[in-house]
Amino acid sequence: MSYQETLSKSILTPAQSEVYEALLTHGAEPAGSLAKKTTLKRGLVYKVLDELVGMGLVEKEEETGKVARFTPKHPSVLRELVESRQKALKDAEFSLESVLPSLISSFNLVSGAPGIEIYEGPEGIEKVLNDSLSSKTVIYTYADIEAVRKNIDAINRRYMAKREKLGIEKKLFLFDSAISREYMGKLAPSVTDTKLIPSEKGFPMLESAMEIYDGSVAYVTFSKDKMIGVIIHDPFMYELHKHIFEYMWGKAPGPAELSVHKPKKGSVKTTAGTDEAETADEASAPETVSGPKPFEVEDYDDDEYFVRL
């Protein structure tokens, strides 16, 4: 049974696979003798044997006055090589992700065309969020925090932990609700400044967010049925949304100035995936909620309801 095709798809080149399998089949051999048992030319066999020795798959036995012999090492070394290659690829991917936004910006300046990236699924959402972790500017964000918590909580936790560790600042608009106010009380003020967008009627579950940062604008839709992320690298779109955000930020009241209004009778407000219809008496009197309590530093575990930004 030949394993050359399988080995060639995993870690070895076709020539390396053929030489290694020949050694496994015939045992220790001098290079010249081994070449006769393959379809390769002698010079290539010598080259491949040196490569396999360097990879730790073959051992070269040399004795004074004798021709060197080559012995195959245990095939379990192949697994170690694959694992090492996987780690190297992950490291390379991380390094590339850290410089890719800068490379795209340079390309856009030269080409004059905006760069657009589209991703799908939970992994795509995480890629879009992580793109802002290389930002050299404050991140401006609009977010439906109730939907975030419901649909992408684990992704959000990882992203927020990285952002806080990197010290990247964010200005965050949340849609006003009791849950948004409670969430604000859990934020780390050293890297996050938050304001609320008020509404007399409350907000539906919008299941989306928008981030504005470092010459880019990112949109994510994260309903359970549809997860899509789009990044647009374009200085003109960035400046447009940046100025709109800053204008709204300057006009927005602080949390202590706002009231959370319950919906009118017959209306339904969606909160964290549940529908609650309220009576006319409850709707007639808006509930005033004071601003969030000062943040206290403490350790958080995975079972917590909210995460720190």
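Worth a mention:
- Matching residues in the stretch 124-160 - criterion: being free of Cβ contacts under 8 Å to residues at least 40 places away in the same chain and closer than 19 Å to Pro189 by Cβ: Ile145, Tyr159
- Residues that are of a type in the set (Gly, Ala, Ser) and crowded, with 16+ Cβ neighbours inside 10 Å were ranked within the stretch 24-50; the one that is nearest to Glu62 (Cα to Cα) is Ala31.
- Yes/no for Glu123 being in a helix (DSSP H, G or I), at pLDDT below 80 and surrounded by 11 or more Cβ atoms within 10 Å (Cβ to Cβ): no
- Meets criteria (at pLDDT 90 or above, among the small types (Gly, Ala, Ser) and farther than 27 Å from Gly250 by Cα) for Ala154: yes
- If the condition is being closer than 17 Å to Ser208 by Cα and assigned to a helix (DSSP H, G or I), then the stretch 161-182 contributes Ile179, Ser180.
- Of all residues in the stretch 230-252, none satisfies the criterion of being in contact with a helix residue (DSSP H, G or I) (Cβ under 7 Å, 6 or more places away or on another chain) and modelled with pLDDT of 95 or more.
- Matching option when the condition is within 42 Å of the chain's Cα centre (by Cα), at pLDDT 90 or above and either of a type in the set (S, T, N, Q) or over 30 Å from Pro235 (Cα atoms) (or both), among Tyr20, Tyr46: Tyr20
- All positions within the stretch 210-233 that are farther than 16 Å from Ile152 by Cα and not in a strand (DSSP E or B): Asp214, Gly215
The values are calculated or read from the model by the stated rules, or taken from the named source; none is laboratory data. Fair warning: this is a prediction, and the values are worked out from it, not measured in the lab. Every residue, glycine as well, gets a Cβ built from its backbone with ideal geometry; the counts of neighbours run over all protein chains shown.
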